[in-house]
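Input: a single structure, listed below in structure tokens.
The values are calculated or read from the model by the stated rules, or taken from the named source; none is laboratory data. None of the values given here were measured: they were computed from a predicted structure. Here Cβ is always computed from backbone atoms with ideal geometry, including for glycine, and neighbour counts include all displayed protein chains.
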């Protein structure tokens, strides 16, 4: 897919870029000590350099945002923004920290989950060729369940025509337990469709979400196999 938007500096995309890079340095040491995380098929990000990317991931442990974020950043050298549940921002010190690192609050009880400033910020990140991470079940669940999947990432993909990369994660489902394995799926390129609510839009949205879920389920089996090696 050709580059859709003019590139923006990293400093414009991450509120506290120096803090983000410091955290990355600390995690590069801490993650192996904690048990390690292995990422597979990161090469899918190579042809997406300079393009907006939506990462659609399953979520079964509290450490997942760190594992996915750091796996991508180490390989692609691109900061990762995350859609995070609004409740995390209600404790001011934590809210300040994750906001500074590029997280965007999402109200999981509000339709698409993205409204007002949060939707505007997500649009800015995509328009600035950023990487936006979305845990598509909206919260941690032990076993991936299609019925729990939110359609936010699909709607953003159709609205912007941005590439979508599914991500599957396996490992101990305790909150901060390692090791973990993450497998990135093949790139999905949605067709632009702004006709929200039309029959064709709903068909394309359903097909897109089914494709994402199929890849996550298949990738989860691969992630389990990698952990067993």
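Tabulated results
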item: In region 1-20, residue modelled with the highest pLDDT [restricted to those that are assigned to a loop (DSSP other than H, G, I, E, B) and within 21 Å of residue 102 (Cα to Cα)]; result: 16
item: Residue pairs meeting the criteria (Cβ under 6 Å; at least 6 apart or on separate chains; first closer than 22 Å to residue 130 by Cβ, in region 26-51; second modelled with pLDDT of 80 or more and in a helix (DSSP H, G or I)); result: 27/70; 39/71; 42/75; 45/76
item: Strands (runs of 3 or more DSSP E) contained entirely in region 21-102, each with at least 2 residues that are more than 27 Å from residue 159 (Cβ to Cβ) and at pLDDT 90 or above; result: 37-40
item: Residue check for residue 150: in a loop (DSSP other than H, G, I, E, B) and surrounded by 15 or more Cβ atoms within 10 Å (Cβ to Cβ); result: yes
item: Counted residues, region 155-197 - those being at pLDDT 95 or above, more than 14 Å from the chain's Cα centre (by Cα) and in a loop (DSSP other than H, G, I, E, B); result: 4
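Here is a yes/no grid of residues against (1) touching a residue at least 12 places away in the same chain (Cβ under 8 Å); (2) under 25 Å from residue 71 (Cα atoms); (3) touching a helix residue (DSSP H, G or I) at 6+ places or on another chain (Cβ under 6 Å):
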| site | (1), (2), (3) |
| --- | --- |
| 168 | yes, yes, yes |
| 205 | yes, no, yes |
| 217 | yes, yes, no |
| 225 | no, yes, no |
